[in-house]
Ligand SMILES: NC(=O)c1ccc[n+]([C@@H]2O[C@H](COP(=O)([O-])OP(=O)(O)OC[C@H]3O[C@@H](n4cnc5c(N)ncnc54)[C@H](OP(=O)(O)O)[C@@H]3O)[C@@H](O)[C@H]2O)c1
């Protein structure tokens with residue numbers, strides 16, 4: 001017999017209200033919302049007024065509430081709510097990727113200490129069940145890599161730039177008008193939301209915990225129509241891709257960067273606000289998850305699935321983290337990149353290990369070559385307005401012999 005869930009809900013916004021409605025239509029779940037904590041009591045709500053309170057302790061200290069569902073838009077307050085709920089013996093479901101990614105270590109310790117479960121399927125790719133699949137199905141040894149379009153706003157903007165001939169600015173404006181981007185879009189367009197999700201995926205893929213800010217990441221803010229045109233000429237689309245890969249040296253490399261995606265990639269046709277994740281494993285080769293990465297009902301569907309799992313006492317066991325051999329996280333790859341820049345910029349050729357192609361135009365120039373990942377982590381010349389750096393379709397240079405030959409030929413040519 002599965003247990004009765006008595007829920008204290010934090011937040012009644014896009015996702016919270018969506019979840020409330022869905023729960024009304026799912027009596028079989030054996031779950032009821034006892035109290036909803038919100039911030040602004042004056043707002044009109046589509047639920048009975050006596051359900052709402054601004055007093056967090058009305059949920060956190062109620063012994064009859066056995067599950068806290070945290071769906072607020074404030075990551076710091078969310079961490080306090082989740083921690084207190086776990087310490088008070090309640091199971092927690094959250095969709096707050098920023099809070100979870102920034103506090104992975106503490107949240108794991110809290111779960112260990114209290115024995116209470118924290119589930120957060122909605123925190124990476126909303127409706128796509130990627131966390132539980134990585135956690136349960138793919139063994140660390142067999143998992144070669146995970147690559148995904150995990151942010152719907154940036155994917156919508158890039159799709160409009162490609163299909164609507166829009167500039168970044170106009171595509172962003174359209175995304176905001178249609179509700180696909182926030183009024184402050186920086187978390188999305190600078191790749192921060194995507195790198196938060198990548199940090200969560202890294203834990204469930206390889207057992208690796210890292211601070212999201214330490215991973216190489218950028219967004220799509222400086223991508224121009226000229227870059228889109230170059231990609232189209234080569235039969236590619238530009239996508240913002242979050243990637244964790246086990247390289248030949250058995251180390252895991254992870255970053256979020258825009259990339260040219262060619263037609264043979266399963267990510268090529270993930271357009272507009274949709275998300276898509278490919279998982280590459282040793283035996284099964286490549287598998288693909290596709291779906292809505294945002295929105296009230298799609299996100300609520302993942303929260304609902306976590307609630308359903310709690311009825312059977314499901315919890316993440318973090319087996320990959322607690323097993324002995326966690327692969328090292330390294331940022332020592334050589335990446336093949338396209339760098340385009342306007343006339344105000346002079347990109348030093350010395351930053352490249354070698355250069356394969358370069359072009360100087362009246363408005364914009366570009367260089368295609370290989371760069372050490374460490375170089376990108378340490379410098380910010382490539383993040384300046386007027387410069388865009390995009391990974392090529394096959395970005396990893398794993399053949400180090402080839403690298404030294406090419407480096408040597410650059411030295412002989414007097415470039416480095
Ligand atoms: N929207 C999506 O598509 C989506 C997808 C995946 C994950 N998520 C995540 O889901 C969470 C909720 O997102 P959302 O889009 O539903 O946000 P939202 O529409 O902005 O709603 C936020 C809700 O949180 C409440 N709130 C804020 N601070 C609070 C506090 N300290 N105590 C109690 N309530 C508080 C607000 O109260 P008032 O109503 O009183 O202002 C509001 O009801 C976020 O972590 C977000 O990253 C969202």
*asked:* Looking only at segment 172-184, count every residue that is in a helix (DSSP H, G or I) and crowded, with 22+ Cβ neighbours inside 10 Å and tell me the total.
replied: 2
*Of the residues in segment 112-133, how many are in contact with a strand residue (DSSP E or B) (Cβ under 7 Å, 6 or more places away or on another chain) and either away from the ligand (no atom under 11 Å from the Cβ) or at negative phi (or both)?*
9
*Filter segment 344-399 for residues that are out of contact with any strand residue (DSSP E or B) (no Cβ under 8 Å at 6 or more places or on another chain) and over 23 Å from residue 254 (Cα atoms) and give the result.*
344, 346, 348, 350, 360, 361, 362, 385
*Only one of these is over 20 Å from the mean Cα position of the chain (by Cα), in contact (Cβ under 8 Å) with a residue 24 or more places away in the chain and farther than 30 Å from residue 234 by Cβ: 116, 109. Name it.*
116
_helices (runs of 4 or more DSSP H) lying entirely in segment 279-391 (those with 1 or more residues that are modelled with pLDDT of 95 or more, more than 16 Å from the ligand (Cβ to nearest atom) and touching a helix residue (DSSP H, G or I) at 6+ places or on another chain (Cβ under 7 Å))_ = 296-311, 373-378
_Subset of segment 105-136 (residues that are assigned to a helix (DSSP H, G or I) and surrounded by fewer than 16 Cβ atoms within 10 Å (Cβ to Cβ))_ = 105, 106, 109, 112, 113, 136
*Is there a residue being within 12 Å of the ligand (Cβ to nearest atom) and not in a loop (DSSP other than H, G, I, E, B) anywhere in segment 137-157?*
yes
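The values are calculated or read from the model by the stated rules, or taken from the named source; none is laboratory data. Given the structure is predicted, the values throughout are model-derived calculations rather than measurements. Don't worry about glycine lacking a Cβ; one is built from the backbone with ideal geometry, like all the others, and counts go over all protein chains shown.
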